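For reference, the structure is listed below as C-alpha coordinates.
The values are calculated or read from the model by the stated rules, or taken from the named source; none is laboratory data. Given the structure is predicted, the values throughout are model-derived calculations rather than measurements. Positions of Cβ are generated from backbone atoms using ideal geometry, with glycine treated the same way; all protein chains shown enter the neighbour counts.
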(Lines give C-alpha, C1' and ligand atoms only; values in the text may rest on other atoms or scores of the structure.)
Protein backbone atom coordinates (compact mmCIF):
# COMPACT_ATOMS: atom_id res chain seq x y z
CA UNK A 1 0.00 0.00 0.00
CA UNK A 2 2.78 2.46 0.95
CA UNK A 3 4.71 1.73 -2.26
CA UNK A 4 1.54 2.12 -4.30
CA UNK A 5 0.80 5.43 -2.58
CA UNK A 6 4.35 6.71 -3.17
CA UNK A 7 4.26 5.58 -6.79
CA UNK A 8 0.90 7.25 -7.29
CA UNK A 9 2.08 10.41 -5.57
CA UNK A 10 5.25 10.46 -7.65
CA UNK A 11 3.23 10.08 -10.82
CA UNK A 12 0.90 12.87 -9.74
CA UNK A 13 3.88 15.05 -8.85
CA UNK A 14 5.49 14.40 -12.22
CA UNK A 15 2.26 15.27 -14.02
CA UNK A 16 1.88 18.41 -11.92
CA UNK A 17 5.46 19.43 -12.58
CA UNK A 18 5.01 18.87 -16.28
CA UNK A 19 2.08 21.27 -16.17
CA UNK A 20 4.13 23.99 -14.47
CA UNK A 21 5.52 26.71 -16.65
CA UNK A 22 8.49 28.82 -15.79
CA UNK A 23 7.99 31.90 -17.97
CA UNK A 24 11.38 33.54 -18.23
CA UNK A 25 10.17 36.33 -20.52
CA UNK A 26 9.84 38.83 -17.66
CA UNK A 27 13.24 40.43 -17.22
CA UNK A 28 16.62 38.76 -17.24
CA UNK A 29 15.81 35.85 -14.94
CA UNK A 30 17.93 32.74 -15.23
CA UNK A 31 16.50 29.26 -15.02
CA UNK A 32 16.85 27.27 -11.81
CA UNK A 33 18.46 23.83 -12.05
CA UNK A 34 15.64 21.97 -10.29
CA UNK A 35 12.15 21.95 -8.86
CA UNK A 36 11.39 23.84 -5.63
CA UNK A 37 8.43 23.10 -3.33
CA UNK A 38 7.72 24.97 -0.09
CA UNK A 39 4.94 24.93 2.46
CA UNK A 40 3.13 22.83 5.01
CA UNK A 41 5.09 21.15 7.79
CA UNK A 42 2.39 18.45 7.81
CA UNK A 43 2.98 17.70 4.13
CA UNK A 44 6.79 18.06 4.42
CA UNK A 45 7.66 14.41 5.27
CA UNK A 46 5.47 13.13 2.43
CA UNK A 47 6.80 15.72 -0.05
CA UNK A 48 10.36 14.81 0.92
CA UNK A 49 9.69 11.13 0.18
CA UNK A 50 8.12 12.03 -3.16
CA UNK A 51 11.17 14.18 -3.99
CA UNK A 52 13.53 11.32 -3.10
CA UNK A 53 11.47 8.88 -5.17
CA UNK A 54 11.44 11.34 -8.08
CA UNK A 55 15.25 11.60 -7.99
CA UNK A 56 15.68 7.83 -7.73
CA UNK A 57 13.32 6.99 -10.58
CA UNK A 58 14.11 9.87 -12.94
CA UNK A 59 17.86 10.01 -12.49
CA UNK A 60 17.57 13.77 -12.01
CA UNK A 61 18.24 15.92 -8.99
CA UNK A 62 15.89 15.67 -6.03
CA UNK A 63 13.52 18.63 -5.87
CA UNK A 64 14.21 21.13 -3.10
CA UNK A 65 11.53 20.80 -0.40
CA UNK A 66 11.17 23.37 2.40
CA UNK A 67 8.92 23.42 5.46
CA UNK A 68 7.60 26.97 5.90
CA UNK A 69 4.07 26.22 7.03
CA UNK A 70 1.09 26.36 4.69
CA UNK A 71 0.72 30.15 4.85
CA UNK A 72 4.47 30.71 4.45
CA UNK A 73 4.68 28.38 1.46
CA UNK A 74 1.74 30.03 -0.27
CA UNK A 75 3.18 33.49 0.45
CA UNK A 76 6.53 32.47 -1.08
CA UNK A 77 4.79 30.83 -4.07
CA UNK A 78 2.70 33.94 -4.71
CA UNK A 79 5.67 36.34 -4.80
CA UNK A 80 6.20 35.80 -8.52
CA UNK A 81 7.40 33.42 -11.21
CA UNK A 82 11.05 32.57 -11.66
CA UNK A 83 14.13 31.15 -9.98
CA UNK A 84 13.64 33.07 -6.71
CA UNK A 85 10.22 31.63 -5.88
CA UNK A 86 8.93 28.08 -5.31
CA UNK A 87 7.32 26.20 -8.21
CA UNK A 88 4.96 24.35 -5.87
CA UNK A 89 3.15 25.38 -2.67
CA UNK A 90 2.56 22.38 -0.41
CA UNK A 91 -0.54 23.14 1.62
CA UNK A 92 -2.72 21.35 4.13
CA UNK A 93 -5.72 23.49 3.14
CA UNK A 94 -7.11 25.17 0.01
CA UNK A 95 -5.79 28.60 -0.91
CA UNK A 96 -7.82 31.57 0.34
CA UNK A 97 -9.31 34.15 -2.03
CA UNK A 98 -6.82 36.72 -0.69
CA UNK A 99 -3.94 34.37 -1.55
CA UNK A 100 -5.21 33.89 -5.11
CA UNK A 101 -5.40 37.68 -5.37
CA UNK A 102 -1.81 38.06 -4.13
CA UNK A 103 -0.68 35.51 -6.71
CA UNK A 104 -2.58 37.27 -9.50
CA UNK A 105 -1.14 40.65 -8.49
CA UNK A 106 2.38 39.19 -8.74
CA UNK A 107 1.82 37.46 -12.09
CA UNK A 108 1.31 33.94 -10.75
CA UNK A 109 -1.64 32.64 -12.77
CA UNK A 110 -3.05 29.34 -14.03
CA UNK A 111 -2.72 27.78 -10.56
CA UNK A 112 -3.70 24.10 -10.44
CA UNK A 113 -4.67 22.43 -7.16
CA UNK A 114 -3.99 18.71 -6.94
CA UNK A 115 -5.46 17.08 -3.86
CA UNK A 116 -3.12 14.29 -2.71
CA UNK A 117 -4.92 13.19 0.44
CA UNK A 118 -6.67 14.23 3.62
CA UNK A 119 -5.37 14.84 7.14
CA UNK A 120 -6.73 12.69 9.94
CA UNK A 121 -6.31 12.02 13.63
CA UNK A 122 -6.17 8.60 15.18
CA UNK A 123 -6.42 7.89 18.90
CA UNK A 124 -5.13 4.70 20.43
CA UNK A 125 -5.83 4.12 24.09
CA UNK A 126 -6.63 1.21 26.37
CA UNK A 127 -10.08 2.67 26.91
CA UNK A 128 -12.11 3.89 23.94
CA UNK A 129 -13.04 7.53 23.46
CA UNK A 130 -16.74 7.61 24.21
CA UNK A 131 -17.77 11.00 22.92
CA UNK A 132 -15.05 13.05 21.24
CA UNK A 133 -16.17 16.56 20.36
CA UNK A 134 -14.96 18.20 17.17
CA UNK A 135 -14.00 21.83 17.54
CA UNK A 136 -14.50 24.32 14.73
CA UNK A 137 -11.61 26.64 13.97
> Does residue 54 satisfy the criteria of being crowded, with 18+ Cβ neighbours inside 10 Å and farther than 12 Å from residue 92 by Cβ?
Replying inline: yes
> Given the residues 31, 62, which is the only one that is outside any helix (DSSP H, G or I), farther than 18 Å from residue 112 by Cα, touching a helix residue (DSSP H, G or I) at 6+ places or on another chain (Cβ under 6 Å) and at pLDDT below 95?
Replying inline: 62
> Restricting attention to segment 110-137, and to residues there that are closer than 23 Å to residue 64 by Cβ and surrounded by fewer than 12 Cβ atoms within 10 Å (Cβ to Cβ), which single residue is modelled with the lowest pLDDT?
Replying inline: 117
